[in-house]
Amino acid sequence: MKKYNLYKKLKRFDTLVSTNDYAVDLAKSEKPVEGTVIMADYQTKGKGQKDTYWISEKGSNLTFSIILYPSFLDPASNFFLSMVLSLGIVDMLLSYNIVTKIKWPNDIFTSNGKIAGILIENAIQNDKIKYSVLGTGLNVNQEIFPENISNPTSMMIEQKGLLNREDVLKKLLESIEYWIYKLYNQDFNIIKDQYEQQLLYRNQLKEFYAGDDIFAGTIKGINETGQLLIADKSNSVRAYNFKEVMYYQKKT
């Protein structure tokens, strides 16, 4: 990957249905330069994981998608894209003294709630990644959220003051770019180690449920394909894909 400033590859839009959808269509039709960033002040139907939506107040937050062509990356290891995007967000927020953890697989949390989410979409052709779209939504200056959103927070809430959104954008793209370079340098062990260190509830005994099975265990990390590794009380390590395991909360 050639070195360049992601901020200079930024394409701004007032309104899009979804930055990820626009980026995917662009990658399919035009193959724009690697590192092209599609940003919208407002998404009419921002995408989340598994057919969910990312709801964001117009002009208050950051919603954008980055187009990459990581053909060197084994498609089975595509979770590294999620790792580098997550680490870029975590590092940038720390520069504002906002401490966060990564709630596997795709959310960034402070002690007060969810501050950011990510969505990765890949196109695979001939057992290679043809293109990847790395989408993120970061709550910056939003203070009031819809009631149906569970435990949201923002940089403004955490900092107790309005932030310069453009400054945040520049720092965030710079931070993400740093980790993308790590990926393109194939520093896989460094990326995985740092990601695991930032995992929410790592090495803490928690209750989980998988199907009808409720069990106590501790998150140990992830494997090379991004499955979550949980050690149960017998010290047997279980591997789970997204949506196969959930945190168990007792009904009150």
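The values are calculated or read from the model by the stated rules, or taken from the named source; none is laboratory data. Since the structure is predicted, the reported quantities are computational estimates derived from the model, not experimental observations. Counting neighbours? That spans all protein chains shown, and the Cβs are built from the backbone with ideal geometry, glycine included. For the accessible areas, the whole protein counts, side chains as well, though only heavy atoms, and no ligand, DNA or RNA atoms are used. Shrake-Rupley method; radii C 1.70, N 1.55, O 1.52, S 1.80 Å.
What are the residue pairs meeting all of these: first residue in the stretch 114-130, first residue free of Cβ contacts under 8 Å to residues at least 60 places away in the same chain and farther than 19 Å from Ala76 by Cα, second residue open to solvent by 50 Å² or more (accessible area, probe 1.4 Å) and in a strand (DSSP E or B), Cβ atoms under 8 Å, and 6 or more apart or on different chains?
Lys114/Lys103
From the list Asp167, Asp127, which residue is in contact with a Pro (Cβ under 8 Å, 6 or more places away or on another chain) and of a type in the set (Asp, Glu)?
On inspection, the qualifying residue turns out to be Asp127.
Looking at the structure I just gave you, is Ala123 touching a Phe, Trp or Tyr at 6+ places or on another chain (Cβ under 6 Å), open to solvent by 10 Å² or more (accessible area, probe 1.4 Å) and hydrophobic (A, V, I, L, M, F, W, C)?
In short, yes.
Only one of Leu173, Leu169, Leu163 is of a type outside the set (D, E, K, R), closer than 17 Å to Thr136 by Cβ and more than 19 Å from the chain's Cα centre (by Cα); which?
Leu163
Looking for whichever is of a type outside the set (S, T, N, Q), at pLDDT below 95 and buried (at least 16 other Cβ atoms within 10 Å of the Cβ) here; the options are Val245, Val168. Which one fits?
That would be Val245, the only listed residue that is of a type outside the set (S, T, N, Q), at pLDDT below 95 and buried (at least 16 other Cβ atoms within 10 Å of the Cβ).
In the stretch 74-154, which strands (runs of 3 or more DSSP E) lie fully inside it and hold 2 or more residues that are touching a Leu at 6+ places or on another chain (Cβ under 6 Å)?
Correct list: 101-103, 113-125, 128-138.
Pairs under 6 Å by beta carbon, first residue among the acidic types (Asp, Glu) in the stretch 14-37, partner open to solvent by 20 Å² or more (accessible area, probe 1.4 Å), six or more apart or different chains?
Qualifying pairs under 6 Å: Asp14/Asp41; Glu34/Tyr69.
Hey, does the stretch 37-46 have a residue that's modelled with pLDDT of 95 or more, of a type in the set (Gly, Ala, Ser) and either closer than 30 Å to Asn148 by Cβ or not in a loop (DSSP other than H, G, I, E, B) (or both)?
Taking every residue of the stretch 37-46 in turn, at least one turns out to be modelled with pLDDT of 95 or more, of a type in the set (Gly, Ala, Ser) and either closer than 30 Å to Asn148 by Cβ or not in a loop (DSSP other than H, G, I, E, B) (or both).
Taking Gly117, is it under 19 Å from Leu228 (Cα atoms) and among the small types (Gly, Ala, Ser)?
yes
From the list Thr252, Thr218, which one is at pLDDT below 95 and among the polar types (S, T, N, Q)?
Thr252
Is it the case that Gln198 is among the polar types (S, T, N, Q) and within 18 Å of Ile108 (Cβ to Cβ)?
So Gln198 passes the test.
Consider Glu207 against the criteria (1) within 23 Å of the chain's Cα centre (by Cα); (2) open to solvent by 70 Å² or more (accessible area, probe 1.4 Å); (3) over 19 Å from Leu119 (Cα atoms): it satisfies all of them except one. Which criterion is unmet?
(1)
Among the residues of the stretch 176-204, which ones are more than 17 Å from the chain's Cα centre (by Cα) and in a strand (DSSP E or B)?
If the condition is that a residue be more than 17 Å from the chain's Cα centre (by Cα) and in a strand (DSSP E or B), then Arg202 is the only one that fits.
Can you tell me how many residues in the stretch 212-240 are touching a residue at least 24 places away in the same chain (Cβ under 8 Å) and either open to solvent by less than 70 Å² (accessible area, probe 1.4 Å) or over 23 Å from the mean Cα position of the chain (by Cα) (or both)?
Of the residues in that region, 8 qualify.
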